[in-house]
Amino acid sequence: QKEVEQDPGPLSVPEGAIVSLNCTYSNSAFQYFMWYRQYSRKGPELLMYTYSSGNKEDGRFTAQVDKSSKYISLFIRDSQPSDSATYLCAMSARSNFGNEKLTFGTGTRLTIIP
Amino acid sequence: NAGVTQTPKFRILKIGQSMTLQCTQDMNHNYMYWYRQDPGMGLKLIYYSVGAGITDKGEVPNGYNVSRSTTEDFPLRLELAAPSQTSVYFCASEQGGAATNEKLFFGSGTQLSVL
């Protein structure tokens with residue numbers, strides 16, 4: 001069983017729709033949860049970061065964490081064509097050095113249709 | 001404001017050749033990482049460094065070597081290229097430490113094909 005599972009998609013939705021992206025995980029040691037956005041031929045960039053169960057909102061984006069179910073989600077409201085990208089979930093637990101070594105999901109490719 | 005810079009962007013190697021992927025950052029970050037990204041496999045950590053002179057293996061280190069002689073530079077060396085090393089390679093950096101809102105800054109990647 002992979003530590004982090006993510007539906008690879010692809011996912012296509014019309015502009016303005018609400019998008020739901022999800023990841024499940026098996027490692028109870030994960031404490032920090034992130035969503036990265038990756039445009040084609042670019043490196044990933046951090047979109048959302050949270051370390052507690054519940055919801056965190058930033059503009060049109062909401063990150064949701066349910067530690068009891070080992071399940072995280074990213075919701076995108078009023079989706080725009082510029083949101084078309086691959087979205088990777090990432091999680092971390094403390095390493096021996098104290099830095100956060102990340103475990104990434106495989107990514108979900110999202111296309112917003114104008 | 002360059003961030004993390006990787007060179008080259010593209011490279012084709014023959015089996016058995018060697019090469020070095022360059023990575024430099026201008027943010028004075030302590031922690032630097034090398035990942036590879038294969039289709040449907042996500043990002044896999046190859047090596048990382050927590051400061052100049054200190055490196056450690058990640059999840060998939062075989063066939064690679066690294067060094068960290070300065071804070072800014074973290075090159076990745078492939079000694080005997082194999083087709084299994086065909087991938088997109090990303091370098092990343094972060095300030096590191098026990099902060100609760102650290103984030104990785106990624107370079108734009110090197111697409112490597114071994115034929």
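Among the residues of segment A:41-64, the ones that are within 11 Å of chain B (Cβ to nearest Cβ) and either in a strand (DSSP E or B) or touching a Ser or Thr at 6+ places or on another chain (Cβ under 8 Å) (or both) come to 10 in all. Scanning segment B:82-105 for residues that are modelled with pLDDT of 95 or more and under 22 Å from A:PHE30 (Cα atoms) yields a count of 0. Of all residues in segment A:40-70, those satisfying the criterion of being aromatic (Phe, Trp, Tyr) and either open to solvent by less than 80 Å² (accessible area, probe 1.4 Å) or farther than 25 Å from B:ALA92 by Cα (or both) are A:TYR49, A:PHE61. Within segment B:62-77, being open to solvent by less than 20 Å² (accessible area, probe 1.4 Å) and over 11 Å from the mean Cα position of the chain (by Cα) holds for one residue alone: B:ARG68. None of B:GLY53, B:GLY58 is over 17 Å from B:ALA82 (Cα atoms), surrounded by fewer than 22 Cβ atoms within 10 Å (Cβ to Cβ) and within 12 Å of another protein chain (Cβ to nearest Cβ) except B:GLY58. Restricting attention to segment A:84-92, does a residue exist that is at the interface with chain B (Cβ under 9 Å from one of its Cβ atoms) and either open to solvent by less than 10 Å² (accessible area, probe 1.4 Å) or closer than 18 Å to A:SER26 by Cβ (or both)? Looking through segment A:84-92, at least one residue is at the interface with chain B (Cβ under 9 Å from one of its Cβ atoms) and either open to solvent by less than 10 Å² (accessible area, probe 1.4 Å) or closer than 18 Å to A:SER26 by Cβ (or both). For segment A:6-38, filtering for residues that are assigned to a loop (DSSP other than H, G, I, E, B), open to solvent by less than 80 Å² (accessible area, probe 1.4 Å) and of a type outside the set (A, V, I, L, M, F, W, C) leaves 6.
Please go through segment B:35-50 and pick out each residue that is at pLDDT 90 or above and either more than 8 Å from every other protein chain (Cβ to nearest Cβ) or under 14 Å from B:SER87 (Cβ atoms) (or both).
Step one: of segment B:35-50, the residues at pLDDT 90 or above are B:35-38, B:43-49.
The answer is B:TYR35, B:ARG36, B:GLN37, B:ASP38, B:LEU43, B:LYS44, B:LEU45, B:ILE46, B:TYR47, B:SER49.
When segment B:23-44 is examined, which residues are found to be open to solvent by less than 40 Å² (accessible area, probe 1.4 Å), touching a Ser or Thr at 6+ places or on another chain (Cβ under 6 Å) and farther than 11 Å from A:PHE104 by Cα? Selection gives B:GLN25, B:HIS29, B:MET32, B:ARG36, B:ASP38. With respect to B:GLU94, is the statement that it is of a type outside the set (S, T, N, Q), in contact with a strand residue (DSSP E or B) (Cβ under 7 Å, 6 or more places away or on another chain) and either away from chain A (no Cβ under 11 Å) or open to solvent by 10 Å² or more (accessible area, probe 1.4 Å) (or both) true? Taking the combined requirement at face value, the residue does not satisfy it. Of the strands (runs of 3 or more DSSP E) lying entirely inside segment B:8-115, those containing at least 1 residues that are of a type in the set (Ser, Thr, Tyr) are B:19-25, B:31-38, B:42-51, B:54-57, B:64-66, B:87-94, B:110-114. Would segment B:2-22 turn up any residue that is within 10 Å of chain A (Cβ to nearest Cβ), touching a Lys or Arg at 6+ places or on another chain (Cβ under 7 Å), surrounded by 15 or more Cβ atoms within 10 Å (Cβ to Cβ) and of a type outside the set (Lys, Arg)? Among the residues of segment B:2-22, not one is within 10 Å of chain A (Cβ to nearest Cβ), touching a Lys or Arg at 6+ places or on another chain (Cβ under 7 Å), surrounded by 15 or more Cβ atoms within 10 Å (Cβ to Cβ) and of a type outside the set (Lys, Arg), which makes the answer no.
The values are calculated or read from the model by the stated rules, or taken from the named source; none is laboratory data. Because the structure is a prediction, the values reported are computed rather than measured. Glycine gets a Cβ as well: all are built from the backbone with ideal geometry, and neighbour counts include every protein chain shown. Ligands, DNA and RNA are excluded from the accessible area calculation, which covers all protein heavy atoms including side chains. Shrake-Rupley method; radii C 1.70, N 1.55, O 1.52, S 1.80 Å.
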